[in-house]
Amino acid sequence: MSRLLMILILASVSASPAQALDDALTVKLEAMNNSGQSGFATLFPEGEKTRVVIELLNTPPGVAQPAHIHAGRCDTLDKAPKWPLEALKGGRSVTLVPVSLDAILQDKTAINIHKSAAEVQVYVACGNIVGVM
C-alpha cells in the first residue's frame, strides 16, 4: 500500500487529534516551524509493548529524522525523550516500544519529529497522544 494511500485512509478515520481504531490509536502529527511536514502516527497495542508506525509527508529525501515520545504536550514538551522511536527514513518509521499503550496513556505524552540528527533542536512535526474518553 502506498504511503499516501495509507495517510489518506488514516485521515478519513481521524476526525479528532487522536481516535481509537479498534484497539489502535491514531495521532495526527501537525507541522511545526513551517516545515510543511504532517501526517499520522498509529499506536498498536501488542500486550506489554506498543508498535508505533509513523507516516509523514513532505520529508526531505535521504535525511533520517529522529523521533521520540516525550512527556508533556506539543506546546510544553519535556526535552528529554521518554521513549526513543526509530528515525524516519523516507517519511516512515516503525518501532516496538517496550511499554503497553495503557502505560503510554497514563501520562500526558506526545510524539515529536526532529529535522535531522544534526538539527535535533528543530521540531518539524508533533502530535499529542490522547486516548478516547
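Read-outs throughout are calculated quantities, based only on the coordinates presented, and are distinct from any laboratory measurement. If you're wondering where the values come from, they're calculated on a predicted model, not measured in any experiment. Glycine also receives a Cβ, built like all others from the backbone with ideal geometry; neighbour counts cover every protein chain displayed.
Suppose each label sits 7 Å from its Cα in the direction of the beta carbon; what would the V94-A118 distance come out to in nanometres?
Each label point lies 7 Å from its Cα, and together they span 3.0 nm.
In 5 Å bins starting at 0, how do the alpha-carbon pair distances of the range 90-132 split up by percent?
Calculated over all Cα pairs of the range 90-132, the distribution is 5, 17, 23, 24, 18, 11, 2, 0 percent.
Would you mind calculating the gained length between V63 and Q106 on full extension (0.36 nm times residue separation, minus the Cα-Cα distance), in nm to one decimal?
12.2 nm
If you take every residue apart from V63 with its C-beta less than 12 Å away from the C-beta of V63, what net charge results, scoring Lys and Arg +1 and Asp and Glu -1?
After counting each charged neighbour, the total is +1.
What ³J(HN,Hα) values, in whole Hz, does the Karplus curve 6.51 cos²θ - 1.76 cosθ + 1.60 give for the range 75-87 when θ = phi - 60°, with x put for Gly and Pro?
Coupling constants for the range 75-87: 7, 9, 5, 6, 5, 7, x, 7, 9, x, 10, 4, 4 Hz.
Amide H of V97 versus every other amide H placed in the peptide plane: which residues, excluding those fewer than 5 positions away on the same chain, fall under 5 Å?
Here the answer is T50, R51, V52, since their amide H atoms fall under 5 Å of that of V97.
Lys and Arg at +1, Asp and Glu at -1: add these up for the other residues within a Cβ distance under 13 Å of D102 and post the number.
Computed value for this residue: -3.
Could you work out the local net charge near G72, counting Lys and Arg as +1, Asp and Glu as -1, over the other residues with Cβ closer than 13 Å to its Cβ?
+1
At 0.36 nm per residue, and after removing the present C-alpha to C-alpha distance, how many nm does the segment from N33 to A71 gain when stretched out fully?
Result for the pair: 11.7 nm of gain on full extension.
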